[in-house]
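A.B. asks: Below are the structure tokens for one structure; questions will follow.
The values are calculated or read from the model by the stated rules, or taken from the named source; none is laboratory data. Here the structure is a predicted model, which is why all the values come from computation and not from measurement. Using ideal geometry, Cβ is built from the backbone for each residue, glycine included, and neighbour counts are taken over all protein chains shown.
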Amino acid sequence: MIIPYLCVDRAAEAIEFYKRAFGFEEEHRMAMPGGKIGHASLVLGGSKIFVSDEAPMSGIKSPKQLGGTTTSVHVDSPDVDAAYARAVAAGATALFPPTDMFWGDRFCKLLDPFGHQWSIATHKEDLTPQEMERRGEEAMKQYANKA
């Protein structure tokens, strides 16, 4: 099992945001002195993420400290439009609205208030590798024509 581990500034606030925005449930939390979170485990369906506050003495920095993020977290959802609306209502910044994509998913991107990017998708259709390649080439042509 691979579990993303998100370092954030204000982990306690992030945990509450992830519950409201994406529907995570808190499995457990280890508090540290000064109200910091040393480790928390959140569950969504059969998946987990871990969350902690920054630990500068260990070299663990949040997107705020880095000035950006180095990763994105992806969530499969039965209803990407509802999930997107829920996340935005909870305080996420919309980066790319739900859109039907050439690879067969309806897909969107968001930025959480703590600096991590999230993508959400609902799978709409199964494609052969050849059909996905053909659609991808067509999508790139359309993108190039708009640029």
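A.B. asks: Restricting to the range 107-124, name every residue that is under 15 Å from residue 63 (Cβ atoms), part of a strand (DSSP E or B) and in contact with an Asp or Glu (Cβ under 7 Å, 6 or more places away or on another chain).
C.D. replies: Correct list: 118 only.
A.B. asks: Among the residues of the range 10-32, are any part of a helix (DSSP H, G or I), out of contact with any strand residue (DSSP E or B) (no Cβ under 7 Å at 6 or more places or on another chain), among the acidic types (Asp, Glu) and touching a residue at least 40 places away in the same chain (Cβ under 8 Å)?
C.D. replies: yes
A.B. asks: Going by the conditions given, is residue 124 touching a Lys or Arg at 6+ places or on another chain (Cβ under 9 Å), without any contact (Cβ under 8 Å) to a residue 40 or more places away in the chain, surrounded by 11 or more Cβ atoms within 10 Å (Cβ to Cβ) and closer than 20 Å to residue 98 by Cα?
C.D. replies: yes
A.B. asks: Could you say which residue among 37, 3 is of a type in the set (A, V, I, L, M), exposed (fewer than 13 other Cβ atoms within 10 Å of the Cβ) and touching a residue at least 24 places away in the same chain (Cβ under 8 Å)? Write out each step before concluding.
C.D. replies: On the way: 37 fails: exposed (fewer than 13 other Cβ atoms within 10 Å of the Cβ).
Sole residue among the options that is of a type in the set (A, V, I, L, M), exposed (fewer than 13 other Cβ atoms within 10 Å of the Cβ) and touching a residue at least 24 places away in the same chain (Cβ under 8 Å): 3.
A.B. asks: Identify the single condition in (1) modelled with pLDDT of 90 or more; (2) over 30 Å from residue 30 (Cα atoms) that residue 144 does not satisfy, given that it satisfies every other one.
C.D. replies: (1) is the only condition that residue 144 fails.
A.B. asks: Does any residue in the range 41-68 that is part of a loop (DSSP other than H, G, I, E, B) come within less than 6 Å, Cβ to Cβ, of a residue that is surrounded by 14 or more Cβ atoms within 10 Å (Cβ to Cβ) and not charged (D, E, K, R) six or more places away or on a different chain, and which pairs are these?
C.D. replies: 54/7; 54/62; 62/7; 62/8
A.B. asks: Here's a follow-up. Quick check on the range 71-81. Is at least one of its residues surrounded by 14 or more Cβ atoms within 10 Å (Cβ to Cβ), touching a Ser or Thr at 6+ places or on another chain (Cβ under 6 Å) and outside any strand (DSSP E or B)?
C.D. replies: Looking through the range 71-81, at least one residue is surrounded by 14 or more Cβ atoms within 10 Å (Cβ to Cβ), touching a Ser or Thr at 6+ places or on another chain (Cβ under 6 Å) and outside any strand (DSSP E or B).
A.B. asks: Considering only the range 55-111, state which residues are in contact with a Cys (Cβ under 6 Å, 6 or more places away or on another chain), modelled with pLDDT under 95 and among the hydroxyl-bearing types (Ser, Thr, Tyr).
C.D. replies: Residue satisfying the conditions is 62 alone.
A.B. asks: Test of understanding: among 85, 94, 89, which residue is of a type in the set (Gly, Ala, Ser) and part of a strand (DSSP E or B)?
C.D. replies: Numbers: 85 fails: part of a strand (DSSP E or B); 89 fails: part of a strand (DSSP E or B).
The unique qualifying residue is 94.
A.B. asks: Being buried (at least 16 other Cβ atoms within 10 Å of the Cβ), without any contact (Cβ under 8 Å) to a residue 40 or more places away in the chain and acidic (Asp, Glu) narrows it down to one residue among 100, 105; which is it?
C.D. replies: Values: 100 fails: buried (at least 16 other Cβ atoms within 10 Å of the Cβ).
That would be 105, the only listed residue that is buried (at least 16 other Cβ atoms within 10 Å of the Cβ), without any contact (Cβ under 8 Å) to a residue 40 or more places away in the chain and acidic (Asp, Glu).
A.B. asks: Also, I was wondering about something else. Quick test for you: out of 143, 84, pick the one residue that is of a type in the set (Ser, Thr, Tyr), exposed (fewer than 14 other Cβ atoms within 10 Å of the Cβ) and more than 27 Å from residue 35 (Cβ to Cβ).
C.D. replies: Values: 84 fails: exposed (fewer than 14 other Cβ atoms within 10 Å of the Cβ).
From the options 143, 84, the qualifying one is 143.
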